[in-house]
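Visitor: Pasting in a structure now, in structure tokens, and then I'll have a few things to ask.
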Amino acid sequence: MNKLTLKAYGKINLGLDALSKRPDGYHELSMIMQTVDIYDELVFKLSDKPGIRLTEEFRFDTEIDGEEGRMVGTSDDPESDEAQIDLSTIVRADHTNLVWKAANLLMEEFKPEKGVRIHLIKRIPVAAGMAGGSSDCAATLKGLNQLFGLGLSLEELQERGVKLGADVPYCLLGGTALAEGIGEKLTVLPDMPECVLVVAKPSIGIPTPLVFKYLKVYELEEHPDIYGMKAAIEAGDLNGVIHRLGNVLETAAIPNFPVVGELKQAMRDLGAQGVLMSGSGPTVFGIFPDKSSAQAAAKELKMRELAAQVFVTGPCTP
Ligand code: C5P
């Protein structure tokens, strides 16, 4: 095999609870993860030139109208208007990219004779709480495992992946799962009940460490019912899922990034049965009763400029 193309899916969190802060700075979490049908693509090619060559392109279209979106985001100073920067400078095609780090990790360990060329096509919103970078990282571990014939099992890839990011083990798995520990302890769940989702990302990007920095884990007054959510999924009960949507990171993100709260309210007003921020945000998703109401809501969110990228999509199990 000389060439391979893989899709790297984004995720949303149906539930995200934080239990404590560990001495290493990471938080003990309990999360319900769900892949959605929004994906980046990675093309891997063996090369006679040793080492890694990474290129990337952005395809930030929306599914509702196919219009190209120009993406801007903020740096880690939310107060600063000066912080508006081009997101392509956050996701660079160099050694800072998780794709490069994943390829480097396997190539340092297994020292293949050939090199690899990787082309990354980005569609998943960046710095958005959708694990786009972690998913690209997971796809790279899978891709190089196949391309170089390394023969690593899923567990062996996950052991290496967690060194690069807490969500990488889940991204290697995909589908519906309970994630505990820092995100690496996984329990596979049955597929969540079918539904129509609007996934909307405002024009700002939020770095994950910043939201965790703002989180006051020991002062949380409410915790989402993660095990009730798990039971609702196991029972195929969409209403049970909708009533248990909850993410404690909203307490850290919404006061600092009000657009997240505005987007949630707008989605509710536009007919969503349940709305939640995904991961560390600022992406918000809404569960809608049908495709036509979801499409109408998505158009409205774009028109009001509450969101720069909007998708009408659904859960999927890759
Ligand atoms: O592991 P990853 O690089 O994706 O995590 C990004 C940041 O998110 C960490 O540096 C940490 O600040 C925060 N984090 C956390 N607890 C977790 C996962 C991430 O505090 N379980």
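None of the figures in this text is laboratory data; all of them are computed from the coordinates on show. From a predicted model like this one, the values you see are computed outputs, not experimental measurements. Cβ: placed from backbone, ideal geometry, glycine included. Neighbour counts: every protein chain shown.
Visitor: How many percent of Cα pairs in the chain exceed 31 Å? List each step's numbers first, then the result.
Guide: On the way: 13953 of 50403 pairs.
Result for the distance tail: 28 percent.
Visitor: How large is the convex hull of the C-alpha atoms of the range 165-318 per residue, in Å³? Could you put the intermediate results ahead of the total?
Guide: Working: hull volume 17.7 nm³, N = 154.
With only Cα atoms used, the range 165-318 gives 115 Å³ per residue.
Visitor: Once you've got the Cα coordinates, tell me which of LYS101/LYS302; LYS230/LYS264; LYS213/LYS291; LYS185/LYS213 are over 27 Å apart.
Guide: Over 27 Å Cα-Cα: LYS101/LYS302; LYS213/LYS291.
Visitor: Right, another one. Extending each Cα 7 Å along its Cβ direction at THR317 and HIS95, get the distance between those two points in nm, one decimal.
Guide: Using points 7 Å along Cα→Cβ, the separation is 4.1 nm.
Visitor: Between the helical axis of 132-147 and the dominant principal axis of the chain, each derived from Cα atoms, what acute angle in degrees is found, rounded to the nearest 10?
Guide: 30 degrees
Visitor: For labels at VAL43 and ASN256 in the simple 7 Å Cα→Cβ model, what's the distance in nm?
Guide: About 3.8 nm separates the two model spin labels.
Visitor: May I ask for the angle, rounded to the nearest 10°, between helix 98-110 and the longest principal axis of the chain, with both axes built from Cα atoms and the value confined to 0 to 90°?
Guide: 40 degrees
Visitor: Still on this model: Between ASP269 and ASP24, what is the FRET efficiency for a Förster distance of 35 Å, r being their Cβ-Cβ separation, to the nearest 0.05?
Guide: 0.25
Visitor: Please rank ASP167, ASP269, ASP191, fewest neighbouring Cβ atoms within 10 Å first, as an exposure proxy.
Guide: So the residues, fewest neighbours to most, are ASP269, ASP191, ASP167.
Visitor: So, one more: Expressed as a fraction of 2.2 N^0.38 Å, the rule-of-thumb size for a compact globular protein of N residues, what is the C-alpha radius of gyration of the range 117-248?
Guide: The reported ratio for this selection is 1.18.
Visitor: If you don't mind, another one. Can you give the angle from 0 to 90° between the axis of helix 291-303 and the longest principal axis of the chain, with both taken from C-alpha atoms, to the nearest 10?
Guide: Around 90 degrees separate the two axes.
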